[in-house]
Every structure is written in C-alpha cells, then in structure tokens.
Amino acid sequence: MNVHSGMISLVIPAFNEEENLPTLVHRLMVVMDQYDSYEILIVDDGSSDETRFVLRQLSHQYPVIRYLSFSRNFGHQMALRAGYDNARGEAVICLDADLQHPPELIPALIDKWHEGYEVVYTVRQPDPTLSLYKRTTSRYFYKLLRTVSNLNIEDGAADFRLLDRKVVNTLKEFKENDLFLRGAISWIGYRQCRILYEPAARYAGRSKYSFRKMLKLAAMGITSFSTRPLYLSVLLGFGMSLFALLFGAEALFEYFFTNATVSGWTTLVVLSVLIGGVQFIMIGIIGVYLGKTFVEVKGRPAYIISDTSEIEESVTIW
Ligand code: UDP
Ligand code: MG
C-alpha cells in the first residue's frame, strides 16, 4: 500500500509563455490522468504578452488549473517560491513552462516519492544540442558556487524537482527575500534522491533567461549561502602585509648598503595602484553583503500577486 495518496501539485513559472502553455497543459493532463487528485498551479511572472489571458481561459476550461499573476516580473526564483507558498498538494513538482523538463518524467519522480524520498531532484544529462554558451556558463556557475559556498550542488542541477509537503513547509519558514532555491534545498537535508534526465528543446519562444538574469542568479547563489568572499580580504591583507615586510627589508637593505635608493619610483607607483585596486575590490565585496543586509532588514514582501484564479472565482460567485 502507498503511504502517500494525497494531492499532487504541479508548479509552473511562466514569463511570456503564451505559445507554450496550452501544449504544456495538455501534455501534463495526459501524464497526470493516472493519479486520483492533482492540480496545476501556474505562476505568471509579470508577463507582458497574452499569458495572463491564456491562463484565465485555461483555468475556466479545466478546474485542475489555478494561476497566480505577479504585479511585475520578479524572476524565476520568486515565481517558484510563490508556487511553493500556494500549492496545496502533498507533493509539489516544479517544472519549466517551455517543455524542456519532459512531463513524461513526472511518474518517475512520483514513484521515488512513494518509495519514501522527500526530495527528488533532477540533473540534466550533458546535452550536445544545448548551445555551447549555455553549457559553459552553467558549468562555470556550478564550479564557482561549489568553491565559494559549502554547498554540494551538482553540475546541471535543475529546478525540476519533487518536494514532499514537509519540505515545502520547511521552505516556507525561510524568511529571507533573496532565496536561492537550489542552495536552500541542498542545505535543508531530508532524504534526497537524484534522477537523470535528457532535456528537450524549448518548444516555442526564446529563452527568458538573459545574461543579466544569469549573472544575478549566480551572484545571489554565491552571496546567499556563503560569507567566504569576505574572508578573501583578510587573506589578501595577510598576503600583502607579508609582501610589504619583505619589500621593506629589501628597501632598508638598499638604503644602508647601496646608493641606488632613488631608483624606486616605478615600484612605488605599481604598488600604490595595486593596493588601491585590491582595496576597491574588497570594499565592493563588503558593499554587496551590506546591500543584502539592507534589503533584508527592510523586510518587504518577496513578491506581489496582482491577480489569481481564486479571486476570480469569488468574483463570479458574487
Ligand atoms: N521564467 C520566469 N521568470 C523570468 C525568467 C524565466 O518565470 O524572469 C520562467 C520561464 O517562463 C520558464 C522557466 O522560468 O518557465 C525557465 O526559463 P527559460 O526556459 O527561459 O530558461 P532556460 O531554459 O533558457 O535556462
Ligand atoms: Mg528553458
């Protein structure tokens, strides 16, 4: 007998995905047909195309579909978070709207959940059709993240995963605004299991992850889970002091035992530029963390919902 028989929630962040949503929803419904109870919760991340209209129609047509619309674009991570906050299922599965995360893999995730795993995450198989650009940026991102934080996140870890209700409730306890979900999930523990998958090509439209958004995600991943960059300044400070000591000894030696002391101009200029540069970098790093503290202290809501299928339902009742 299964220990789990509750509802399963599928959470889908969507930013300008009007062309993908109908196909996605139909493919999901075919896969989910074998389960007693499920819901599809789509989070519209402030789309500027017809996504919201498409969602309204779909949710009228199929009662299993719910949606939330953000008041503006808050980013993929926030959309996922709103999904976790509002999902009602005993298990919550997140997947992208562009069909790169194959819906046909969902039963495999659910089977693992039935076996007793509380986190079933997926890892992208190296995919030769993925652009070299995406592959390299992603590889270096994970490498850097592992080096500076204490997290052990694998290459190609995706936001395509199943979480048990217990884990979702734990995530809801996180009060920080700037939550890097992949890091948080690796950090919280529980019984975790990994599944390999082959990503499909994007069904329609272009990638919504611009280079700027990727950089932002990388910076957030690193600074949310590690204060190691701050220690860098201490290390560099020690290094430079040691260097200064040796250099000072050499200068004294030259002063007392030779008469070539005026020739040091180049060294002085190089040194002052070097120290100035390093200091700017260090002040910058400290500034980034200070900025994060500033944002968190204000305690603003992480995202704002402007429209939902639920509000609409209550409107039609009246
Ligand atoms: N997405 C989002 N907000 C954003 C950017 C992307 O909700 O600001 C969604 C997008 O609609 C998709 C998922 O996040 O469902 C992954 O984005 P995308 O496929 O563009 O990223 P890629 O696969 O190219 O890394
Ligand atoms: Mg994609």
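The values are calculated or read from the model by the stated rules, or taken from the named source; none is laboratory data. Everything quoted here is computed from the prediction, not taken from an experiment. Don't worry about glycine lacking a Cβ; one is built from the backbone with ideal geometry, like all the others, and counts go over all protein chains shown.
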- prompt: polar (S, T, N, Q), in contact (Cβ under 8 Å) with a residue 24 or more places away in the chain, in contact with a Lys or Arg (Cβ under 8 Å, 6 or more places away or on another chain) and more than 16 Å from ligand 2 (Cβ to nearest atom) - does that describe any residue in the range 205-223?
  reply: yes
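In the range 220-248, what residues are among the small types (Gly, Ala, Ser) and at pLDDT 80 or above? Outline the logic, then answer.
Filtering the range 220-248 down to residues among the small types (Gly, Ala, Ser) leaves 221, 224, 226, 233, 237, 239, 241, 244, 248.
Once the filter is applied, which keeps residues that are among the small types (Gly, Ala, Ser) and at pLDDT 80 or above, the range 220-248 yields only Gly239.
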Note on Ile188: of the conditions (1) away from ligand 1 (no atom under 15 Å from the Cβ); (2) surrounded by fewer than 16 Cβ atoms within 10 Å (Cβ to Cβ), unmet is (2)
Of the residues in the range 35-79 that are without any contact (Cβ under 8 Å) to a residue 40 or more places away in the chain, among the hydroxyl-bearing types (Ser, Thr, Tyr) and within 14 Å of ligand 1 (Cβ to nearest atom), the one that is farthest from Leu24 (Cα to Cα) is Ser48
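Would you check which residues across the range 210-239 are among the hydrophobic types (A, V, I, L, M, F, W, C) and either over 21 Å from Val148 (Cβ atoms) or surrounded by fewer than 12 Cβ atoms within 10 Å (Cβ to Cβ) (or both) and list them?
Within the range 210-239, the subset among the hydrophobic types (A, V, I, L, M, F, W, C) is 211, 214-215, 217-220, 222, 225, 230, 232, 234-236, 238.
Matches in the range 210-239: Phe211, Val234, Leu235, Phe238.
Mind checking which residues of the range 118-158 are within 16 Å of ligand 2 (Cβ to nearest atom), in a loop (DSSP other than H, G, I, E, B) and not polar (S, T, N, Q)? Step through it out loud before you land on a result.
The initial filter retains those residues of the range 118-158 that are within 16 Å of ligand 2 (Cβ to nearest atom), namely 122-125, 127, 129-131, 133-135, 137-138, 141, 156-158.
Retained after the next criterion (residues that are in a loop (DSSP other than H, G, I, E, B)): 125, 127, 129-131, 156.
Within the range 118-158, Asp127, Leu130, Gly156 meet the criteria.
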Among the residues of the range 9-25, the number that are surrounded by fewer than 17 Cβ atoms within 10 Å (Cβ to Cβ) and either at pLDDT below 90 or within 16 Å of ligand 2 (Cβ to nearest atom) (or both) is 1
Scanning the range 90-118 residue by residue, the ones that are among the charged types (D, E, K, R) and either within 16 Å of ligand 1 (Cβ to nearest atom) or within 18 Å of Ser186 (Cβ to Cβ) (or both) total 4
query: Quick one: is Leu95 at pLDDT below 90, in contact with a Leu (Cβ under 8 Å, 6 or more places away or on another chain) and within 14 Å of ligand 2 (Cβ to nearest atom)?
result: no
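Return yes or no: is Ser210 more than 16 Å from ligand 1 (Cβ to nearest atom) and modelled with pLDDT under 80? Spell out the reasoning first.
Numbers: more than 16 Å from ligand 1 (Cβ to nearest atom): no; modelled with pLDDT under 80: yes.
Judged against the criteria, Ser210 is not a match.
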Note on the range 26-58: residues aliphatic (A, V, I, L, M) and surrounded by fewer than 13 Cβ atoms within 10 Å (Cβ to Cβ) are Val30
Result of the Cβ filter at 7 Å on the range 92-115, keeping first residues that are assigned to a helix (DSSP H, G or I) and partners that are more than 16 Å from ligand 2 (Cβ to nearest atom) and of a type in the set (Asp, Glu), at least 6 apart or interchain, is Trp113/Asp164
Of the candidates Arg194, Arg161, Arg202, Arg182, the one satisfying the condition of being in contact (Cβ under 8 Å) with a residue 40 or more places away in the chain, within 16 Å of ligand 2 (Cβ to nearest atom) and in contact with a strand residue (DSSP E or B) (Cβ under 7 Å, 6 or more places away or on another chain) is Arg161
Screening Gly6, Gly46 for residues that are farther than 24 Å from Lys112 by Cα, of a type outside the set (A, V, I, L, M), away from ligand 2 (no atom under 16 Å from the Cβ) and part of a loop (DSSP other than H, G, I, E, B) leaves only Gly46
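Could you tell me whether the range 16-23 includes any residue that is farther than 19 Å from Asn86 by Cβ and within 22 Å of the chain's Cα centre (by Cα)? Quick ask: steps written out before the conclusion?
First, pick out the residues of the range 16-23 that are farther than 19 Å from Asn86 by Cβ: 16, 18-20, 22-23.
Retained after the next criterion (residues that are within 22 Å of the chain's Cα centre (by Cα)): 16, 20.
Checked against the condition, which is being farther than 19 Å from Asn86 by Cβ and within 22 Å of the chain's Cα centre (by Cα), the range 16-23 yields at least one hit.
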